[in-house]
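Heads up: the structure comes next, in structure tokens.
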Amino acid sequence: MRDFLVALGRRMDRSDVCEGLRTSTELVLAEVLNNIVEHARPDFAAPIDVTVRTGCDVRCRVIDRGTPMPGLAPPPGHRQSVDCPLEELSEGGYGWFLIRSLTRDLSYERRSGRNRLLFTVAATGNAE
């Protein structure tokens, strides 16, 4: 996954995507790909298809053959409370908040045994 993100960063550098947009795109894709590997199918061996189109915004499509998202929808991604002792902080729950905060036009569907996640990382930030 790291090699993919480094290669993507180089590609985005060549396409003159602004630094903030590049960083946000890399963060979102890192979280999405990590979720696929950790939750969709931990023993995952099938390829993950990632399409990234750059322009004023960055449009991404991620397709995998892992298990469907619960309820056939991305988690809501609520802000997690951090107002507690360090040892009581939850392990997860921050990723979808990050994804939703940095994207717009987020959509998910399950079709023909594949998960299909589409989203836009906008230069102006979240439009939801």
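The values are calculated or read from the model by the stated rules, or taken from the named source; none is laboratory data. All figures in this text were calculated on a predicted structure; none of them were measured in a lab. So basically every Cβ, Gly included, is an ideal-geometry build from the backbone, and we count neighbours across all protein chains shown. Accessible surface areas use protein heavy atoms only, side chains included; no ligands, DNA or RNA. Shrake-Rupley method; radii C 1.70, N 1.55, O 1.52, S 1.80 Å.
For this structure, a couple of remarks:
- Residue within segment 68-84 that is in contact with a strand residue (DSSP E or B) (Cβ under 9 Å, 6 or more places away or on another chain), under 23 Å from Leu5 (Cα atoms) and modelled with pLDDT of 90 or more present: yes
- Scan of segment 53-67 for residues that are among the hydrophobic types (A, V, I, L, M, F, W, C) and either part of a loop (DSSP other than H, G, I, E, B) or touching a Gly at 6+ places or on another chain (Cβ under 9 Å) (or both), ordered by number: Cys56
- Extreme residue, nearest to the chain's Cα centre (by Cα), among residues of segment 56-67 that are surrounded by fewer than 17 Cβ atoms within 10 Å (Cβ to Cβ) and over 18 Å from Leu5 (Cα atoms): Thr67
- Single match in Val32, Val50 (criterion: open to solvent by less than 60 Å² (accessible area, probe 1.4 Å), assigned to a strand (DSSP E or B) and either of a type in the set (A, V, I, L, M) or at pLDDT below 90 (or both)): Val50
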